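Read through the structure below, which is laid out as structure tokens, and then see the notes.
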Amino acid sequence: MAQDVLCEVNNCHYWADGNKCTADRIYVVSHKGEQAKNEHETDCKTFEKAE
């Protein structure tokens with residue numbers, strides 16, 4: 001399991017300095033429920049907009 005999860009989405013609630021993700025879990029899905037062929041066909045469902 002990954003020890004460090006990096007994220008450049010700095011308007012996410014779980015984003016921290018150094019592009020670190022502080023979420024306890026990461027949930028990633030493929031578009032349309034099909035197998036993803038590349039990274040552009042996936043979405044991070046863990047994203048939560050920072051206030």
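Taken together, the values in this text are just the output of simple stated rules run on the coordinates, not laboratory data. In this text the structure is predicted, and so the values were computed from the model without any measurement. Every residue, glycine among them, receives a Cβ derived from its backbone with ideal geometry; neighbour counts consider all protein chains shown.
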**Prompt:** At each listed q (0.19, 0.21, 0.27 Å⁻¹), what is the log10 of I(q)/I(0) that the Debye formula gives for the chain modelled as equal alpha-carbon point scatterers?
**Reply:** -0.69, -0.80, -1.06
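Work out, step by step, the length gained on full extension between D4 and D17: first 0.36 nm times the residue separation, then minus their alpha carbon distance; give nm to one decimal.
Details: separation 13, 0.36 × 13 = 4.68 nm, distance 1.27 nm.
Full extension of this stretch gives 3.4 nm more.
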**Item:** Low-density loop cleavage sites - chymotrypsin sites (Phe, Trp or Tyr not before Pro) in the chain, where at most 14 other Cβ are within 10 Å (DSSP)
**Value:** Y27
**Request:** Give a residue-ordered list of calculated ³J(HN,Hα) values for region 9-18 (Karplus: 6.51 cos²θ - 1.76 cosθ + 1.60, θ = phi - 60°; whole Hz; x for Gly, Pro).
**Result:** 8, 6, 9, 8, 4, 8, 6, 9, 3, x
